[in-house]
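Since the structure comes first, as structure tokens, the remarks are kept for the end.
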Amino acid sequence: MTVLPILKSATLAAVLLASTAVFASARDVTISVWSGGSGPNDNYRTDAFDIAADILEREAAIRGEELNIIIQKTPYNGWEDFKQALTLAAEAKKAPNIVATGHEDIGPWAQSGLIVPVEDFIDLDSWPISDIYPNLMEIGSFNGAVYGIPQDAESRPMFFWKPYMKAIGYTDADIDALPVKVEKGEYTLKNVLEDAKKMQDKGLVQAGYGFYPRTNNGPDYWQFYTSFGGVMEEEGKLVFDKAAMKRTYQYFADLVKAGVTKKNHIGMPGDQWWKEVATGKAGIWHGGTWHYARLVNQEGLKDFFGNVQFTLIPAGEGGKANTLTHPLVYLLTSGHTEEETQIAADLIKIASEPRINALHAIKSAHLGISPSETKVDLYAGDRWAFEATERLLPHANAMPNNADFGKYWTIMWKNFEASWTGAKTADAAVNDAENELKSTLGYAIIIR
Amino acid sequence: MIAPAAIMIFLFFLMPVGLTAIFAMTSMSTATGISGGVWQVTQGAVNRLEGDMPALAEGIAQPRFVVDEEGLAALEALKLKPGYVIELRAEHVGEVFPSRREAERVIKALKDRPSTREVKQISDLFNRSVLNTRFESREALVRSLEKLGFKLTPEERDKVATATYTGWVWTTDNFRMIGNSPDMAQIFLNTAFYVAVTLLLFNVSYALFLAVTTHYMPPTTASVFRAIWLLPRITPVVIYVLMWKWLTWDNGFLSLLMGQFGVPPKNYLLDNSYNAWFFVILINGFIGASMGMLVFSSAIKAIPETQFHASEVDGASRWQQIRYIILPQLRWPILFVTCYQTLSLLASFQEIHLSTRGGPGKATEVWSLAAFHTALNNYTGNLEYGLGAAMALVLVVVGLVLSLIYLRVFRYDTLISKPLIED
């Protein structure tokens, strides 16, 4: 080996080293984002951060800083695996910087210190946060601090297959008037059962398809408890209204008894359910505003408004018509440097701007988070977003942010399922739920 | 040479069981976290204190922010922009705010425009209440309460600490809960049914049947049959269960077949709890049978062939050969398979998790699956590590007890005693 090649390679090495030094002087920040319950239409829950990062980098460049943000996106399709992964990752100090999840996680995660208040990093009086609907901001709060910035809003309507409604005697005018009748409490859950039965008796739908509910546990089922007069929380204390819960359990047992809902409905394959409601195999069902996107985009229901009517969840005995909004929120997790968390917070703020959030709202058929979002062309020009916002959102409740709510929910659902499948009577299910709530939650729950 | 075995036993048996036992004695969950908690006066804590200490509960229930000299001095010490202190002292001294938000609006409006982080730092200095503050130690909370004028006796301090602590505590409630809950009893019965039926029908009886029948086949045919019965075992479990789902779904093979006879399609797997159990036991039994089959076949091979020849000379029928030659010499393998498969059935839940997920309702929820759902995987994200660990510990105890019973029933001592003939 002569001197020349050595010199050559030394020079090359020096140049390479120098170039990496230049890159290193720019700030490289990796921000990881996870989201739960995100299907193919929900990609902007995480993709919004690509846009936000681009804007933030440009803003930094104008200030004369070189900021390079790398966004790592991990959307999860379901909830169980997502919550397991997130909780365990956070306990192992490997949580992502930003997480989009249901607002009910704020309670337990804040108490155990997995998340930090977002208001420590974002001025709530600044735009666009100041413009977000106040009730949504309230849903993102826990123990007097705002932990989550609402990522979307939605509500959960009752759907009716119009051709079958006509076949059992409703005129077009009747069907158009249905939302108002439901809102006034003139059309109730009892009518739902009766109409479902009529559809089956006429042979329009198969047995068990008259009323075709959600196939697994979900916030939806609290709506029926509300319909029957139940309250979830009062002044920071959970409430278990025995009579209302019994009426709820009994209603589903009655649906099964009348043959309009299947006894083994819970746990059926989700894909099959979608296909069936999109093709008119079911008469009446309930779902969420975002179902519109999947029905129209993936399931091929081209004429949605011609075939489907939607209303609030009708009232039952002792309650009123209602719907539930279950906003997802962006949360900041603990265990990162203050600088990283500040950048993550800045990104959330940009991602919450009307035009960017509207991409998610319209693509996934969720509802907007701020009044100005409804004025973005994309949003304003969308019939579904407009009608659903007007008809449903003013009547929307939300589940409480309470560290013990998950326990309550688990017990409530376990007994719901047992009475639905006939493993327990509604009476026994309510009593079992009461006993277990007393022994696990004690003073934290009011039982009446 | 005892050390390697001891290390293995410690690492892979004693340590997991020990950790499970420790977890089982705690109230650990998502909400308490694993690594410990803080002391925080939340609305929930105030509710808990109302009964015993109403005066204290009322006194600490409201947030209160005061711009006072003490706070200003602390702010000076922070060495942020001097303009903050000057302006606050000149314009806002003595002002009282009933919420953090209102205090921060004033701080935010200072002419030097503090950043959001600074606003939080400054407002903390003027916080004259304990509501919603996270204290890293119990003493810090007590000191703050004393500063606010609440003199507490040691017992009262204990009460306050208990009511405000956010982390996990040592408890035996998990076991009490398991003992008292009717749902747990149901899951226990489910498990007993599942293990007993799968074990008896498939893992032992059917495996024995396969081993004996293939024993009487020509060797090549026997190998083919055994290879076929190994398929469920060697197919990846996700694919294996998916094939069962294809068979039983509403649009699956069974529905298509029955459709030919005018039966409306239905989900055979989840139609009712009998169906679900039927398929859960088949799914597990077909996997389990292959292991017994292999063990029994090789054990039969080990029987000296002369015994069969001699019995045939004596005119023994096939049944008599099985009854008097094969079965007596299979006591060891049968004990082993029964014992091993009981433990593996008790602990295995992946096939049920993938097929019925414990449904319909909670009909096919078995103990190990319920422990998994409780501790690690449920829709609400309420992971109860403590309760789940207690459930797992129950399983360990049940496994040990059953093993001891088996040893007694199969008279293990006579199996390991030296044969008299060789003495």
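Readers should treat all values here as calculations from the given coordinates under stated rules, not as data from a laboratory. Fair warning: this is a prediction, and the values are worked out from it, not measured in the lab. Glycine gets a Cβ as well: all are built from the backbone with ideal geometry, and neighbour counts include every protein chain shown.
Under 5 Å between amide H atoms, partner at least 5 residues away or on a different chain: which partners does B:ILE303 have, H built in plane at 1.01 Å?
Placed amide hydrogens put nothing under 5 Å from B:ILE303.
Of A:LYS73/A:LYS94; A:LYS242/A:LYS424; A:LYS184/A:LYS281; A:LYS237/A:LYS438, which ones are farther than 21 Å apart at the Cα?
A:LYS184/A:LYS281
Give the calculated FRET efficiency between B:TYR274 and B:ILE86 to the nearest 0.05, with a Förster radius of 56 Å applied to their Cβ-Cβ distance.
That pair, B:TYR274 with B:ILE86, gives E of 0.10.
Which one, A:SER112, A:SER372, A:SER227, has the greatest fluctuation when you compute a Gaussian network model over chain A with C-alpha springs under 10 angstrom?
Of the options given, A:SER112 has the highest mean-square fluctuation.
Residue by residue, what Karplus-based ³J(HN,Hα) values in Hz, rounded to whole numbers, does the stretch B:283-293 have, using 6.51, -1.76 and 1.60 with θ = phi - 60° and x for Gly and Pro?
4, 6, x, 5, 6, x, 4, 5, 5, x, 4
With an 8 Å cut-off on Cα pairs and a minimum separation of 6 or more residues, tell me the relative contact order of the stretch B:176-422 in percent.
So the answer I get is 24 percent.
Put a dot 7 Å past each Cα toward the Cβ at A:ASN68 and B:ASP112; how far apart are the dots in nm?
According to this spin-label approximation, the distance is 3.6 nm.
For a test of the definition: using alpha carbon positions, the gyration tensor, and the 1.5 limit on a/c, classify chain B as rounded, prolate or oblate.
prolate
Under the rule of -39500 (n - 2.57) per DSSP H run of 4 or more residues, summed and divided by the residues of chain A, what mean residue ellipticity at 222 nm is obtained, to the nearest 500 deg cm²/dmol?
-14000 deg cm²/dmol
In nanometres, what is the gap between the two model label sites at B:TRP332 and B:VAL237, each 7 Å from Cα along Cα-to-Cβ?
Distance between the two pseudo-spin positions: 3.0 nm.
Given the stretch B:176-422, what count of lysine pairs have C-alpha atoms under 27 Å apart, with each pair 8 or more places apart or on different chains?
Lysine pairs, 8 or more places apart or on different chains, close enough: 4.
Starting from the amide H of B:THR26, placed 1.01 Å from N in the peptide plane, find each other amide H under 5 Å away whose residue is 5 or more places distant or on another chain.
B:THR171
What is the average number of partner chain Cβ atoms found within 10 Å of a Cβ in B:356-369?
4
Round to the nearest 0.05 the FRET efficiency obtained for A:ASP201 and A:LYS242 when R0 = 22 Å and r is the Cβ-Cβ distance.
Computed FRET efficiency for A:ASP201 and A:LYS242 comes out at 0.05.
Find how many whole Å separate the alpha carbon centroid of the stretch B:39-118 from the alpha carbon centroid of the stretch B:177-209.
Rounded to whole Å, the Cα centres lie 60 Å apart.
Gap in Å between the Cα centre of the stretch A:160-215 and the Cα centre of the stretch A:302-336?
19
Report ³J(HN,Hα) in whole Hz for each residue of the stretch B:196-207, in order, from the Karplus equation J = 6.51 cos²θ - 1.76 cosθ + 1.60 where θ = phi - 60°; Gly and Pro get x.
Values per residue, Gly and Pro as x: 5, 5, 4, 5, 5, 6, 10, 4, 10, 4, 5, 4 Hz.
Would you work out if the stretch B:63-128 is rounded, prolate or oblate? Take a ≥ b ≥ c from the square roots of the eigenvalues of the alpha-carbon gyration tensor; rounded if a/c is under 1.5, else prolate when a/b is larger than b/c, oblate otherwise.
rounded
Averaged over its residues, how many other protein chain Cβ atoms are within 10 Å of peptide B:43-53's Cβ atoms?
For peptide B:43-53, the averaged partner shielding equals 3.
Taking the Cα centre of the stretch A:70-174 as the origin and placing charges on Cβ (Lys, Arg +1; Asp, Glu -1), which of A:ASN135, A:PRO157, A:ASN77 is farthest toward the positive end of the dipole?
Farthest along the dipole direction, towards plus: A:ASN77.
How would you rank A:179-187, B:305-313, A:152-160, B:134-142, highest first, on the average number of other Cβ atoms within 10 Å across their residues?
Ranking the peptides A:179-187, B:305-313, A:152-160, B:134-142 by packing returns A:152-160, A:179-187, B:134-142, B:305-313.
Distance in nm between label sites at A:ILE446 and B:ALA77, each 7 Å beyond Cα in the beta-carbon direction?
Each label point is offset 7 Å from its Cα along the Cβ direction, giving 4.3 nm.
With an 8 Å Cα cut-off and a minimum separation of 6 or more residues, compute the relative contact order for chain B in percent.
Over chain B, the number comes to 22 percent.
Based solely on its DSSP helices, what 222 nm [θ] is calculated for chain B when runs of n ≥ 4 H residues each add -39,500 (n - 2.57) and the sum is averaged over all residues, nearest 500 deg cm²/dmol?
-19000 deg cm²/dmol
Mind giving me the FRET efficiency for B:ASP158 and A:GLN272? R0 is 51 Å, r the Cβ-Cβ distance, nearest 0.05 is fine.
0.35
Any chance you could list the semi-axes, whole Å, largest first, of the equivalent ellipsoid that the Cα gyration tensor gives for the protein assembly as shown, using √(5λ)?
Ellipsoid half-lengths, sorted descending, are 54, 38, 31 Å.
Just to check I understand the Karplus step: with θ = phi - 60° and J = 6.51 cos²θ - 1.76 cosθ + 1.60, what whole-Hz values come out for the stretch B:402-407, glycine and proline as x?
Taking θ as phi minus 60°, the curve returns 4, 4, 4, 4, 4, 4 Hz for the stretch B:402-407.
Quick one: length gained pulling B:ALA316 to B:ILE7 fully straight, 0.36 nm per residue minus the C-alpha distance?
106.1 nm
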